[in-house]
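Asker: Have a look at this one before I ask anything.
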Amino acid sequence: MITADAAGTWTLGDHSVNRMGFGSMRLTPNPDRTVAVRVLRRAVELGVNHIDTAAFYVSPGGILDRGAGPARYATELIREALSPYAPGLFIATKVGPGILPSGEFETADTPARLRAQVEENLRRLGVDRLDLVNLRLTRREGSVAVRFAALAAMREEGLIRHLGISNATLEQVDEAATIAPVACVQNSFALDLRRDADMPAALASRGIAFVPFFAIAGPNREDGAGSAVDGVVARVAATHGVTPHQVRLAWTLHQGDNVLAIPGTGDERHLEQNIAAGAIRLSDQEVKELAQPARAPRSSAPHRDAEPGRSGAEQGGDLSGQFGAGLDLGLADGDAFDVEAERHAQAGAERPQVAGDGQALAAGRLEWVG
């Protein structure tokens, strides 16, 4: 069985992690908590030592808002499955977007609200100090100084070990780095979602990890990797005897030694496929061909066929049929505006404006936009 160390390692903050990690949001839709517990424990068995989460990853009532029954927080599922935590396990979370006790969504933009979110993560994970906290921005513009300084102060208190930033421009990263060390940047990025194509190399020169989400879903976001597959991706997949989903993950890891993957799934078999993608070695020519800008359109319809036609890395698996289409693939958090901005940039159009405090209603649920 291929394990997560096949992807190589990177020093995240002061901690060596395998470059193939795990994203936890897809754990929340299934009302059967034991499934999530099994997936998490299997991930660790297979060498995953970098897990991404957030206190606002919850179902029902959160970003996905899927499934019935009591609220299932990804952070609490992690605690249930893995606490007491192994010394080598590194758990990254994020603050900015959040859910108030009233159930209302918020974007924390004051030190007090950021502290409340940090304390919520501490409580739900059952720890005294968080390994890493990403400041999740809802706008890729403007200063991050006040918010990042608030997190830096909590780092000095000992509540946080390392800091990162998410949905950020390089200018915002550099501004944050003048306040406190930046361990990682977590942005949407995929084979067909490359607004930040120069980011991996730029961050590598600064000694910063790049942790992309949407690696599999690309512009389809929560709708998942559709049944239509790009011809080059299909050909490369056939050459290596793997799935197109695994090729997309492998391509992501080939973007730099500082690139860390965090695919998420609620299915053990798909977890194993994701981890196995870390062992795929693409040739320079394959990487070049995959990087060509002209890509075939990808269907937004999730792929729910049975194996072998189903390429299940990061796919919703049997849960997609049980809880409906449109579940997360390479998603770290809801990022509708990231995708819209990418499409407008490609078309040379003006960036669409979103009213309010960075929240929008889409597909019948509230999502944070970028």
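Bear in mind these aren't lab numbers, they're just calculated from the coordinates by the rules spelled out. Remember, predicted model here, so these are calculated numbers, not experimental data. Every residue, glycine as well, gets a Cβ built from its backbone with ideal geometry; the counts of neighbours run over all protein chains shown.
Asker: Summing +1 for each Lys or Arg and -1 for each Asp or Glu, what net charge is found among the other residues whose Cβ lies under 10 Å from the Cβ of ASP32?
Answerer: Local charge sum for ASP32: +3.
Asker: Taking the convex hull of the alpha carbon atoms in segment 6-155, what volume per residue do you get, in Å³?
Answerer: 122 Å³
Asker: Here is a further query. Neighbouring Cβ atoms within 10 Å as the yardstick, rank HIS240, HIS270, HIS254 fewest first.
Answerer: HIS240, HIS254, HIS270
Asker: How about segment 222-291: which GluC sites (Glu not before Pro) there lie in a loop by DSSP and see at most 13 other Cβ atoms within 10 Å?
Answerer: none
Asker: Just how far, in whole angstrom, is segment 95-170 from segment 1-65 if you go by their alpha carbon centroids?
Answerer: The two parts, judged by their Cα centres, are 20 Å apart.
Asker: Still on this structure, I have one more. On alpha-carbon atoms, Rg over Rh for segment 36-99 using Kirkwood Rh?
Answerer: Taking Rh as the inverse mean 1/r over Cα pairs, Rg/Rh reads 0.98.
Asker: Find out how many positive minus negative residues lie around LEU260, taking Lys and Arg as positive, Asp and Glu as negative, among other residues whose Cβ is under 14 Å from that of LEU260.
Answerer: It works out to a net charge of -3.
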